[in-house]
Amino acid sequence: MIVRSQPSIKDILLTINGSILPRITGRLILIAIVSVIAIFAAQEHPGIFARISAIPFTLIGIALSVFMSFRNNACYARWWEGRKLWGDIIIASRSFARQAATLPHEDKDYLLRGLCAFSAGLAARLRGASEPEAIKPWCDIGLAPNEPNPTNTVLDQIGRYCLKLMHDKKIEAIHYSVLDHQLAILANSQGGCERIASTPVPFSYSLLLHRTALIFCLTLPFALAGSLDWWTLLPVLLVAYTFFGLDALGHQLEDPFGLEPNALPLYAMTRTIEREMLALLGHQQLPAPLDPHNHILH
């Protein structure tokens, strides 16, 4: 996730890190080359280009802007929902830890380290990394080689342990129900994250906008070259930067759990849970919080 203050004039003009520009440079170069060809062609055959009107491009551009805003809103909604789900995970972990504070240290250690294992496993699962490797430093639950959902197994083991505490009379039934309620929130949050990760924006919808934006930007220079000559490059590249930039930004927001600069900082949020759980267990040496590097928080 990009962490920056409101951009200044200097940032607007010079900032590359955190900008979408590196992602679309190749397409902008292509549009610039096509624009130069259109300008030379207009200089050689001015009569033909004088007949090309820019009015249809104005109408198409307005329609394309509207549809692209719909797609970007849908992608941002996925990103924001993912952030809310991880916020629920952090809140539920804190609540569970607070409600387990009166347990004996060995029981509390098992449960809170289990929460760390759950968050680490979920982050690995959403990013296609190894869940068992992420879980192993926190607890050893004896995962089967073909375990389909190790993160859920961790949550299941925590639930079983809470049930055992009730059977052993270490907690009352109402205390168990309170702990189980927080585990249900964690399970619902995991399911919501998996739903987002496994259900992309419909491909046909994205492909339609990709093609339309590309064709629009490739043909726009031929409508402007006859009247603007070399000034054609300015509006064409500005329009291309806007359309291609919004397209690339929407693509990054579509997968809020990925590794792109605008993705959610899963590892930083996981580290927050780890630090707080270990602090409640009385650890003095806590892992350092993750800070942004070059304005990007991973």
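All of the numbers you see were taken from the coordinates with simple rules; none came from a lab. Remember, predicted model here, so these are calculated numbers, not experimental data. Here Cβ is always computed from backbone atoms with ideal geometry, including for glycine, and neighbour counts include all displayed protein chains.
Things worth noting here:
- Each Lys or Arg adds one and each Asp or Glu takes one away; over the other residues whose Cβ falls under 13 Å from the Cβ of LEU214, this sums to +1.
- Listed residue pairs exceeding 23 Å between alpha carbons, taken from LYS108/LYS169; LYS108/LYS136; LYS136/LYS170: LYS136/LYS170
- When VAL201, VAL154, VAL66 are arranged by Cβ crowding within 10 Å, least crowded first, meaning fewest neighbours, the order is VAL66, VAL201, VAL154.
- Over all pairs of different C-alpha atoms, region 176-272 has a mean inverse distance whose reciprocal, the Kirkwood radius, equals 17.1 Å.
- Percent of Cα-Cα distances greater than 32 Å, calculated over the chain: 45
- Here LYS84, LYS170 are placed in order of increasing Cβ neighbour count within 10 Å, fewest first, which gives LYS84, LYS170.
- Long-range Cα-Cα pairs in region 167-212 (distance over 16 Å), rounded percent: 63
- Taking N as its residue count, the alpha carbon Rg of region 104-244 over 2.2 N^0.38 Å: 1.83
- Ordering ASP255, ASP156 from the fewest to the most neighbouring beta carbons within 10 Å gives ASP156, ASP255.
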